[in-house]
Amino acid sequence: MMNTTPFLRPLMMPLSVSLLATSLIMVACSSDPDPIPLQPQLPAIGGSVVKSIKHLGNMTSSYDWEFSYVSGRLVTASGTIRDASGDVDESYSYTSTIGYGPNYIAVNNSSGDATNVALNTQGYIERMTVNRNIYNFTYTDGRLTAWDKTVFENSFGQAKQYRSSATIEYANGNLSRIVYYAPDNDPITLTFTPSQLVNYNGLLPETASEELGCLGFEHLYYAGFLGRPTINMVKSLTVTDSKGQTSYTTDFEYGTRGNDIVLCNYHTPQGGVASASYGY
């Protein structure tokens with residue numbers, strides 16, 4: 001007897017349907033959210049973030065800055081060196097851009113200096129190299145407490161290196177003392193007296209960027225990568241040499257608008273008058 005059961009063909013998915021299903025799976029996999037970029041805590045707490053810093057008069061060696069922010073992150077900084085010496089003043093400018101990853105930052109400078117940054121678990125800069133130069137930073141309770149810098153120089157085939165460093169102390173959250181070792185010099189001590197004025201904008205103390213280890217790259221502090229700010233603005237700064245002899249004292253006066261500090265006036269060790277103004 002002939003089998004009259006119809007021949008059953010295997011169920012085959014059309015090629016176009018199969019490719020579509022594969023594509024949908026790939027799209028679903030690729031739609032995972034991108035990692036969230038690092039969101040550092042900016043120094044300004046309770047006040048506006050500073051967008052510009054400008055110096056006038058017989059200032060000590062400083063940098064003027066213009067900052068721009070996107071989504072609460074400092075992304076571009078343009079700096080120009082300022083100095084009482086006409087040969088130095090405004091002789092160098094550069095722009096730095098900061099890119100943000102989930103646990104890292106990328107710093108690119110218009111000067112062409114190759115900059116690499118390593119962050120610690122708190123998100124602060126632990127080590128930074130600029131070309132061959134090496135910077136190391138140490139923190140306690142989120143505040144910068146020590147740094148050292150090694151600068152390499154090549155001259156007529158001879159390699160030399162110069163090292164500078166500092167230890168930094170705080171009292172009740174305020175910057176109180178820095179012992180600074182400049183290359184080939186005896187240490188000097190900077191003693192700070194705080195004012196009653198709260199540092200809502202997270203400003204760095206004027207005239208002390210070199211001793212704080214960030215002269216020329218203060219923007220990385222304002223971006224939130226070099227530790228927490230001193231709580232109160234500095235009222236006075238006294239410098240003593242390695243023998244304990246007082247070299248000079250600098251007094252600071254401030255102008256405010258609401259919680260924002262807009263002006264800092266001071267006298268240089270040479271007796272000149274200088275000022276820093278802050279824009280928001």
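Worth a mention:
- Computed log₁₀ I(q)/I(0) - Debye formula, equal Cα scatterers, no solvent, the stretch 209-280, q 0.14, 0.19 Å⁻¹: -0.59, -1.05
- Table column - 3J(HN,Hα) (Hz), the stretch 96-111, Karplus curve with 6.51, -1.76, 1.60, x for Gly and Pro: 10, 10, 10, x, 10, x, x, 8, 7, 10, 10, 10, 10, 10, 5, 5
- Radius of gyration and Dmax over the Cα atoms of the chain, both given in Å: 27.2, 122
- When you restrict to C-alpha pairs under 8 Å that are six or more residues apart and normalise by the size of the stretch 173-280, the relative contact order lands at 23 percent.
- Cα-centre dipole for the stretch 145-224 with unit charges at Cβ (Lys and Arg positive, Asp and Glu negative), debye to 20: 120
- Carbon/sulfur fraction of accessible area - the stretch 162-206, other protein chains in place, 1.4 Å, %: 48
- Expected 222 nm ellipticity per residue - DSSP helices of 4 or more, -39500 (n - 2.57), all of the chain, to 500: -2000 deg cm²/dmol
- Surface analysis of the chain yields an accessible area of 56 Å² per residue, using protein heavy atoms and a 1.4 Å probe.
- Using C-alpha pairs below 8 Å separated by at least 6 residues, the relative contact order for the stretch 144-218 is 24 percent.
- Computed from the Cβ-Cβ distance with R0 of 41 Å, the FRET efficiency linking GLU253 to THR121 stands at 0.55.
- Share of carbon and sulfur in the accessible heavy-atom surface of the stretch 227-280 [1.4 Å probe, %]: 44
- Length gained on full extension, THR97 to VAL151: 17.2 nm, using 0.36 nm per residue less the C-alpha separation.
- Helix 15-30 and the longest principal axis of the Cα set of the chain meet at an angle near 20°.
- Remark: the TYR280-SER195 segment gains 28.4 nm on full extension, using 0.36 nm per residue and subtracting the alpha carbon distance.
- Relative contact order (percent, whole number), the chain, Cα cutoff 8 Å, 6+ residue spacing: 18
The values are calculated or read from the model by the stated rules, or taken from the named source; none is laboratory data. This one's a predicted model, so the numbers in the text were calculated from it and none came from an experiment. For neighbour counting, all protein chains shown are included, and Cβ atoms are generated from backbone atoms with ideal geometry for every residue, glycine included. Areas reflect the complete protein model, heavy atoms only, side chains present, ligands, DNA and RNA absent. Shrake-Rupley method; radii C 1.70, N 1.55, O 1.52, S 1.80 Å.
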